[in-house]
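S.K.: Before we start, here is the structure in question, set down as structure tokens.
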Amino acid sequence: MPIEIVEGDIADQPDLDAVVNAANAQLMPGGGVAGALHRAAGPQLAEACRPLAPIEPGQAVVTEGFALPNAWVIHALGPRYGIDNPSDELLAAAYRNILKAAANNGIRSIGCPALSAGAFGYPLEEAARIAVETVQQHAPAELVFRFVLFDGKTKDVFSRLVE
Ligand code: AR6
């Protein structure tokens with residue numbers, strides 16, 4: 001299963017079935033990825049999220065994509081580093097639950113940011129290692145999985161791990 005690594009905006013990946021939101025527990029618009037996706041999807045996304053919240057660290061839930069170019073959004077809650085413990089297991093669980101959500105909804109291609117590596121404070125190298133290892137171990141061969149990373153440094157760290 002080839003993992004794709006690109007530098008870009010998670011809200012601008014029109015060729016994929018689903019994008020992953022680095023959500024908060026309330027599934028509401030926030031900063032970072034959640035802000036970008038809710039802005040691009042429009043207010044219907046928050047309405048669709050409301051009955052699904054709150055979620056626990058490591059969980060993932062699915063909604064439509066509304067005004068996004070993607071049919072689906074998989075909302076995953078990463079751990080707040082050092083606060084939601086054990087952070088490494090919860091981060092791996094989030095990626096496994098993204099893959100489960102994809103399988104349950106017939107999703108064949110996914111764009112995904114670096115969960116927990118922004119506002120939630122996870123050290124980049126560690127967050128990237130868990131992300132890449134978990135996806136490599138658990139993604140089915142036919143799934144397209146694209147890490148969409150916001151800056152060159154993050155992209156370089158992920159690229160090195162995938163090689
Ligand atoms: N596209 C791709 N990656 C992005 C984008 C984007 N448009 N914007 C930021 N990143 P974060 P978290 C990168 O903070 O750490 C929110 O406020 C960013 O540089 O979005 O899981 C929520 O409401 C970083 O590498 O997610 C939650 O409260 C990575 O995406 C909280 O932040 C994740 O950054 C979630 O924190």
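Values in this text are rule-based calculations from the coordinates and carry no lab data. In this text the structure is predicted, and so the values were computed from the model without any measurement. Here the Cβ positions follow ideal geometry from the backbone for every residue, glycine too, while neighbour counts run over all protein chains shown.
Per-residue answers, yes or no, for (1) closer than 18 Å to LYS100 by Cβ; (2) in a strand (DSSP E or B):
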residue: VAL6; (1), (2): no, yes
residue: ASP15; (1), (2): no, no
residue: CYS49; (1), (2): no, no
residue: GLY58; (1), (2): yes, no
residue: VAL62; (1), (2): yes, yes
residue: LEU68; (1), (2): no, no
residue: HIS75; (1), (2): yes, yes
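S.K.: Any idea which of (1) touching a Lys or Arg at 6+ places or on another chain (Cβ under 9 Å); (2) of a type in the set (Ser, Thr, Tyr); (3) over 18 Å from VAL73 (Cα atoms) is the one SER159 doesn't satisfy?
M.R.: All conditions are met except number (1).
S.K.: Do we find a residue being more than 15 Å from the chain's Cα centre (by Cα), surrounded by 15 or more Cβ atoms within 10 Å (Cβ to Cβ) and within 16 Å of the ligand (Cβ to nearest atom) anywhere in the stretch 90-110?
M.R.: No.
S.K.: For SER116, only one of the following conditions fails: (1) assigned to a helix (DSSP H, G or I); (2) within 9 Å of the ligand (Cβ to nearest atom). What is its number?
M.R.: (1)
S.K.: Does at least one position in the stretch 1-17 carry a residue that is within 14 Å of the ligand (Cβ to nearest atom), over 27 Å from SER159 (Cβ atoms) and out of contact with any Ser or Thr (no Cβ under 8 Å at 6 or more places or on another chain)?
M.R.: no
S.K.: Out of all the residues in the stretch 32-44, is one or more near the ligand (Cβ under 9 Å from one of its atoms), under 13 Å from the mean Cα position of the chain (by Cα) and in a strand (DSSP E or B)?
M.R.: No, every residue in the stretch 32-44 fails to be near the ligand (Cβ under 9 Å from one of its atoms), under 13 Å from the mean Cα position of the chain (by Cα) and in a strand (DSSP E or B).
S.K.: Does GLU4 satisfy the criteria of being in contact (Cβ under 8 Å) with a residue 40 or more places away in the chain, out of contact with any helix residue (DSSP H, G or I) (no Cβ under 6 Å at 6 or more places or on another chain), closer than 21 Å to GLN137 by Cα and of a type in the set (Asp, Glu)? Even if it seems obvious, please write down each step before you answer.
M.R.: On the way: in contact (Cβ under 8 Å) with a residue 40 or more places away in the chain: yes; out of contact with any helix residue (DSSP H, G or I) (no Cβ under 6 Å at 6 or more places or on another chain): yes; closer than 21 Å to GLN137 by Cα: yes; of a type in the set (Asp, Glu): yes.
So GLU4 fits the description; yes.
S.K.: Applying the selection to the stretch 1-25, what residues are closer than 17 Å to LEU52 by Cα and aliphatic (A, V, I, L, M)?
M.R.: Just the residues of the stretch 1-25 that are closer than 17 Å to LEU52 by Cα, to begin with: 20-25.
Of everything in the stretch 1-25, those that are closer than 17 Å to LEU52 by Cα and aliphatic (A, V, I, L, M) turn out to be VAL20, ALA22, ALA23, ALA25.
S.K.: Taking the options ALA46, ALA34, ALA60, ALA41, name whichever one is in contact with a His (Cβ under 8 Å, 6 or more places away or on another chain), more than 18 Å from THR134 (Cα to Cα) and aliphatic (A, V, I, L, M).
M.R.: Numbers: ALA34 fails: in contact with a His (Cβ under 8 Å, 6 or more places away or on another chain); ALA60 fails: more than 18 Å from THR134 (Cα to Cα); ALA41 fails: in contact with a His (Cβ under 8 Å, 6 or more places away or on another chain).
Matching residue, one of ALA46, ALA34, ALA60, ALA41: ALA46.
Results for (1) buried (at least 22 other Cβ atoms within 10 Å of the Cβ); (2) within 10 Å of the ligand (Cβ to nearest atom); (3) over 21 Å from GLY32 (Cβ atoms); (4) in contact (Cβ under 8 Å) with a residue 24 or more places away in the chain, shown as yes or no for each residue.
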{"position": "GLN59", "(1), (2), (3), (4)": "no, no, no, yes"}
{"position": "CYS112", "(1), (2), (3), (4)": "yes, yes, no, yes"}
{"position": "GLY121", "(1), (2), (3), (4)": "no, yes, no, yes"}
{"position": "GLN137", "(1), (2), (3), (4)": "no, no, yes, no"}
{"position": "PHE150", "(1), (2), (3), (4)": "no, yes, no, yes"}
{"position": "LEU161", "(1), (2), (3), (4)": "no, no, yes, yes"}
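S.K.: When residues of the stretch 38-47 are filtered for being surrounded by fewer than 19 Cβ atoms within 10 Å (Cβ to Cβ) and of a type outside the set (Lys, Arg), how many remain?
M.R.: Step one: filter the stretch 38-47 for residues surrounded by fewer than 19 Cβ atoms within 10 Å (Cβ to Cβ), giving 39, 42-44, 46-47.
Pick out the ones that are also of a type outside the set (Lys, Arg) and you get 42-44, 46-47.
Adding up the residues that qualify gives 5.
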